[in-house]
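Visitor: Pasting in a structure now, in structure tokens, and then I'll have a few things to ask.
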Amino acid sequence: MGDMANNSVAYSSVKNAVKEANHGDFGVTLAELRSLMELRAADALHKIQECYGDVHGICTKLKTSPNEVCGSVNVGEEEEESEAGWIEGAAILLSVVCVVLVTAFNDWSKEKQFRGLQSRIEQEQKFTVIRGGQVIQIPVADIIVGDIAQVKYGDLLPADGILIQGNDLKIDESSLTGESDHVKKSLDRDPMLLSGTHVMEGSGRMVVTAVGVNSQTGIIFTLLGAGGDEEEKEKEKEKKEKKSKKQDGAVENRNKAKAQDGAAMEMQPLKSEDGGDGDEKDKKKANLPKKEKSVLQGKLTKLAVQIGKAGLLMSAITVIILVLYFVIDTFWVQKRPWLAECTPIYIQYFVKFFIIGVTVLVVAVPEGLPLAVTISLAYSVKKMMKDNNLVRHLDACETMGNATAICSDKTGTLTMNRMTVVQAYINEKHYKKIPEPEAIPEKTMAYLVTGISVNCAYTSKILPPEKEGGLPRHVGNKTECALLGLLLDLKRDYQDVRNEIPEEDLYKVYTFNSVRKSMSTVLKNSDGSFRIFSKGASEIVLKKCFKILSANGEPKVFRPRDRDDIVKTVIEPMASEGLRTICLAFRDFPAGEPEPEWDNENDIVTGLTCIAVVGIEDPVRPEVPDAIKKCQRAGITVRMVTGDNINTARAIALKCGILNPGEDFLCLEGKDFNRRIRNEKGEIEQERIDKIWPKLRVLARSSPTDKHTLVKGIIDSTVFDQRQVVAVTGDGTNDGPALKKADVGFAMGIAGTDVAKEASDIILTDDNFTSIVKAVMWGRNVYDSISKFLQFQLTVNVVAVIVAFTGACITQDSPLKAVQMLWVNLIMDTLASLALATEPPTEALLLRKPYGRNKPLISRTMMKNILGHAFYQLVVVFTLLFAGEKIFDIDSGRNAPLHAPPSEHYTIVFNTFVMMQLFNEINARKIHGERNVFEGIFNNAIFCSIVLGTFVVQIIIVQFGGKPFSCSELTIEQWLWSIFLGMGTLLWGQLISTIPTSRLKFLKEAGHGTQKEEIPEEELAEDVEEIDHAERELRRGQILWFRGLNRIQTQIRVVNAFRSSLYEGLEKPETRSSIHNFMTHPEFRIEDSEPHIPLIDDTDAEDDAPTKRNSSPPPSPNRNNNAVDSGIHLTTDKNKSATSSSPGSPLHSLETSL
């Protein structure tokens, strides 16, 4: 990887821009810097001193160089040429162009909206650097290795670096490590600053040592597969270099795969030695989508294939019958000879028959269906933006409607992420709510105000809200902000006190640390006396209190017995409700006495007088309990996964309604969860997870790996008939794998890191749980919209196909002409899809359970509606077709000659057919058998305008369409009859909904989800992409071929192992070394019902648990070929890496036994 030092890959979280700089002769390589940044604290210091002397040594070796940015934009150009041919051809082309343009416009506007948002985020991200002695702000993407960056409180570090100078710098590394404690950074202890971490206190300067995919955040990005493009370019470059030395190149590639630790590399089972064919396969594979098709896509694809086959069959039969009828009637019955001069006329007849066949096919296939899906999703996505859901992947919106489980974070999602004082014990009285200022004696109030104002770090403050109507901003330590908030609630201003006593006037400060668990500040009074204010964990500070302020605000004696009473009656009840208790106290040193020995802290902070005990919590968002109730009613289980302690988690879960008193549910801590799901060897077993997850509601003190394990366990579970559809919320970098694994990943828009957002499907712009419930509503609405459209579309299709088929067979001509069919099918269906797909969601959607993966798209109620309405429409159409001329006293349009002008008769049939569709569109608004089809119709302006618009266009077509539309003008009376027969569908619909569906046993459902047994097991592998049937057959053959080769390879290796162990001694097994092991997860796995022989490493995130990090895992018989570690190569040369085994492979167990 040293070759890569010639390229600096700068990188931004929102745009993977690759920038190349000629680094010339640097004194340090990329690989060296990257390995240096993987070290922490003392190890890093030792390495810096050993290799570079000090940080300035690194700076001298790093030279900045100008960057040239080049970006290429692919602009697609499209030219359309259409010559005016036959009228029918032009009309067909026009209607097709209309549909294509609508779809294209939808896609374009959606893409533009997302790009606009991305660029807005990107422009906002700037960072302060020092270049040429000038302090300038540059976009994050422009930072390069060697830059001197200024870091200050509140910054999110965009690159890795080493501290040059710092003032009390504290970093929150929880987004990378999961540890909530702030890490103090200093030149002599821990100078390593990592990208993706937050500066919580202090300021400083750092030299940038890694950017882009080589920074710590970038490495995790690569693990998520986001660095694919860069790798492609690197591979291309390597391929060119390798042409002269093919063999070495192949080995190099393998080593790289090992070094990457399986990052975003997808190994080909048969990697060709010259790297040519294999590389192409790799490229194809990298560009394929990873996620399987969404539930709706799967069902629609299957339904469309079924309808397509039926339509093709009907059109073929129609053409065959017409041709046979014509041939038999002309040459057999009428005994006419085939005359050469009549051949063009015969051909015209055959062309006409073919057009009729195509018409039947066109009508049978619902072209509007993909458009309905696109419109419905695009409309939903646009509306979801208003509901604080930014959808990154369209299908996530629909998948959310099928969600059965939500694994939610606690802090910031269920709670407000702002510590607040909610209870207080002041003047021997326990207040369950913050007391009114008048209830507290003036003396006590004075102690409280001064004590909190000066004994909280002056960096902690409460600022006015950024937006009008928002909440005040908490800056600094959250607990101290809660205490300052208490003063504001008591109508007092801490800033006045701070202005009076500036920070430099504080006589002595004992800062808070984890050992003393308290903070104390000494003030010197004007008379020479001293007063010390102390605050800290109640159990510690109370032990040092010998007095307490009584009801009138005067100090009184505080005995151990009184302390025990307070602990029992105040502190324990607060703790049981998940509150953090803080005790506030003070002590006076009289003026006459000699000045105390301030360094002897134990003598100073004792003999205190207790002012108050307060209970602090991160309060539950007021709207969350109601949202969780809605989820539970909708059949969605909400689980809380948090890093907080179990008592707080349980208390919050009770307040939210995730747990209800008296219910039999599990609350587990991370270590207990791990103990229960692992066997004696420390491996995770699905059966063990299956025993736990159905009852698990709270997982506390959980690591990111636990979250990923839980999500994977629920998704892979077969406990229930339906596969669980899991949504996950996350905000930290370390939540990335869980968000990626989930069916729908929600990242936090405010608190979320860039990695979390990149791994997610939907971004919650307000970090609020209620927005997830809105996403569920929109998801279900999409599903229902598609079902409504299908009900309408299939009624049209069934009627039109049968009319065209029977009409053609009986009268040798379709009553509905090709252009008329196109108007009905393409334009009306396109408009209908717009009308039915834009219905706004209602709360009623949350009153039913999720449909699930196997529930058919077309329920029996819908099938009843489709067939019922089709029956009515067919009766009307056939009556008009065969008796219309008698009813209206007009000329018959049947058996007209080849180029006859349009007839009134067939125009009435066409017009009535369209009117029935228009009114049936209103019927289609309800799919669950509801009677009131007009309910909420005026809430959807698009629907009303489309129905009216279609009606107006129909009038124009009939009255002025003439020859192109095969229409003849109709009288007012004929129009009124058409409308009357159309309105009949509304009355008929009421009759249909009276018939109970349960009685109609013969009705079949359609559009099922893909059943599990229909999919070969290899396709159920974790991240295998969807493939069509032909490809699946091919894939099956490949897999059998690979499996055979695999077994041969295993046998070769066994032979080699014997040979090497007998003659040359054992080889050392390779070990993995990467700090990011906990992120590793398999990219591709193939399972089979035979003995388990995976092609690629089966190891999952859980295998890198701390218990196993240092010891080699026990040999397990079902881990044959760890391809990521040892590579799968067809070679018997024992010097090559094929023989080197990884711990856990049978070969390794064989070696150890030998």
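Visitor: For SER35 and GLN306, compute 0.36 nm times the residue count separating them, minus their Cα-Cα distance, and round to one decimal in nm.
Guide: Difference between extended and current length: 91.9 nm.
Visitor: Here is a further query. Given a 1.4 angstrom probe, I'd like the percentage of the accessible area of region 949-1005 that is carbon and sulfur, rounded to a whole number.
Guide: Carbon plus sulfur share of accessible area: 74 percent.
Visitor: Once fully extended, how much extra length lies between ARG115 and ASN525, figured as 0.36 nm per residue of separation less the alpha-carbon to alpha-carbon distance?
Guide: 141.5 nm
Visitor: Could you provide, to the nearest whole Å², the per residue accessible area of region 633-711 with probe 1.4 Å?
Guide: Result: 42 Å² of accessible area for each residue.
Visitor: How much length is gained on full extension from THR343 to PHE331, taking 0.36 nm per residue of separation minus their Cα-Cα distance?
Guide: Extra length available between THR343 and PHE331 comes to 3.0 nm.
Visitor: Applying the Karplus parametrisation 6.51 cos²θ - 1.76 cosθ + 1.60 with θ = phi - 60° to the phi angles of region 345-357, what ³J(HN,Hα) value in whole Hz is obtained for each residue in order, glycine and proline being reported as x?
Guide: 5, 4, 4, 4, 4, 4, 4, 4, 4, 5, 4, 4, x
Visitor: Write down the Kirkwood hydrodynamic radius of region 796-914, to one decimal in angstroms, obtained as one divided by the mean of 1/r over all alpha carbon pairs.
Guide: Value: 16.8 Å, from the Cα pair sum.
Visitor: Per residue of region 523-538, in order, report the coupling 6.51 cos²θ - 1.76 cosθ + 1.60 (Karplus, θ = phi - 60°) as ³J(HN,Hα) in whole Hz, putting x for Gly and Pro.
Guide: For region 523-538, the Karplus-derived couplings read 10, 9, 7, 5, 8, x, 7, 10, 10, 10, 10, 10, 9, x, 4, 4 Hz, x marking Gly and Pro.
Visitor: In addition: Using a cut-off of 11 Å between beta-carbons, work out the net charge of the residues near LYS491 (Lys and Arg +1, Asp and Glu -1, LYS491 not included).
Guide: -3
Visitor: Just to verify a number: FRET efficiency for VAL97 and SER203, C-beta to C-beta distance, R0 = 60 Å, to 0.05?
Guide: According to the calculation, E is roughly 0.45.
Visitor: Tell me the net charge near MET400. Cut-off is 9 Å between Cβ atoms, MET400 excluded, with +1 for each Lys or Arg and -1 for each Asp or Glu.
Guide: Charge balance near MET400 sits at -2.
Visitor: Another one. Take LEU874 and VAL323, extend 7 Å from each Cα along the Cα→Cβ direction, and tell me the distance between the two endpoints in nm.
Guide: Output for this residue pair reads 2.7 nm.
Visitor: So how do GLU442, GLU904 rank on accessible area, 1.4 Å probe, biggest first, that is with the largest at the start?
Guide: Final ranking, largest accessible area leading: GLU442, GLU904.
Visitor: Per-residue accessible area for ASP190 at 1.4 Å probe radius, Å² rounded to 10?
Guide: Its accessible surface works out to 20 Å², give or take rounding.
Visitor: Moving to a separate point now. Let me check against my output: what whole-number percent is the relative contact order of region 314-371, with C-alpha pairs under 8 Å and at least 6 apart?
Guide: So the answer I get is 59 percent.
Visitor: May I pose another question? Given LYS467/LYS524; LYS707/LYS849; LYS517/LYS774; LYS382/LYS926; LYS433/LYS544, which pairs have Cα atoms separated by over 32 Å?
Guide: Among LYS467/LYS524; LYS707/LYS849; LYS517/LYS774; LYS382/LYS926; LYS433/LYS544, the Cα-Cα distance tops 32 Å for LYS467/LYS524; LYS517/LYS774.
Visitor: Using a 1.4 Å probe, what is the accessible area per residue for region 945-996, in Å²?
Guide: I get 56 Å² per residue for this part.
Visitor: For the pair LEU847 and LYS691, how long in nm is the line joining their label points, each one 7 Å along Cα→Cβ?
Guide: Placing both labels 7 Å beyond Cα along the Cβ direction yields 4.1 nm.
Visitor: Ok, one more. Please find the FRET efficiency linking GLU500 to ILE138, where r is the Cβ-Cβ separation and R0 is fixed at 41 Å, and quote it to the nearest 0.05.
Guide: 0.50
Visitor: Can you give the FRET efficiency to the nearest 0.05 for ASP493 and CYS59, using r as the Cβ-Cβ distance and R₀ = 56 Å?
Guide: Once rounded, the FRET efficiency stands at 0.75.
Visitor: Could I have the simple spin-label model distance between VAL351 and PHE938, label points 7 Å from Cα toward Cβ, reported in nm to one decimal?
Guide: 5.3 nm
Visitor: Grab the other residues whose beta carbon is less than 11 angstrom from that of PRO902, score K and R as +1, D and E as -1, and report the net.
Guide: My count for the surroundings of PRO902 gives 0.
Visitor: Further question on the same structure: On average, how much accessible surface per residue is there in region 306-353, in Å², for a 1.4 Å probe, leaving out ligands, DNA and RNA?
Guide: Ligands and nucleic acids excluded, the figure is 69 Å² per residue.
Visitor: Rank these residues by their accessible area, most exposed first, probe 1.4 Å: LYS383, LYS681.
Guide: Solvent-accessible surface, decreasing: LYS681, LYS383.
Visitor: For region 351-401 and region 27-63, what is the separation of their C-alpha centers, rounded to whole Å?
Guide: That distance is 56 Å.
Visitor: Cα-based Rg (one decimal) and Dmax (whole number) for region 318-434, in Å?
Guide: 35.5, 118
Visitor: Ignoring everything but the protein chains, give the 1.4 Å probe accessible area of ILE684 in square angstrom, nearest 10.
Guide: 40 Å²
Visitor: Could you order TRP338, TRP975 so the one with the most accessible surface comes first? Probe is 1.4 Å.
Guide: TRP338, TRP975
Visitor: Kindly report, to the nearest 10 Å², the accessible surface of VAL641 as traced by a 1.4 Å probe over protein heavy atoms only.
Guide: Per-residue accessible area (VAL641): approximately 10 Å².
Visitor: I want to make sure I understand the PRE zone here: with the label point 7 angstrom from the Cα of LEU986 toward its beta carbon, which residues in region 908-928 have backbone N atoms less than 15 Å away?
Guide: It comes to 915-926, nothing else.
Visitor: Taking every alpha carbon pair in region 856-1001, what does the distance histogram look like in 5 angstrom bins from 0, in percent?
Guide: 2, 9, 17, 18, 17, 14, 10, 8, 4, 1, 0
The values are calculated or read from the model by the stated rules, or taken from the named source; none is laboratory data. This is a predicted model, so every value here is computed, not measured. Virtual Cβ from ideal backbone geometry, glycine too; neighbours counted across all protein chains shown. Protein only, heavy atoms only, side chains kept; ligands, DNA and RNA dropped before computing areas. Shrake-Rupley method; radii C 1.70, N 1.55, O 1.52, S 1.80 Å.
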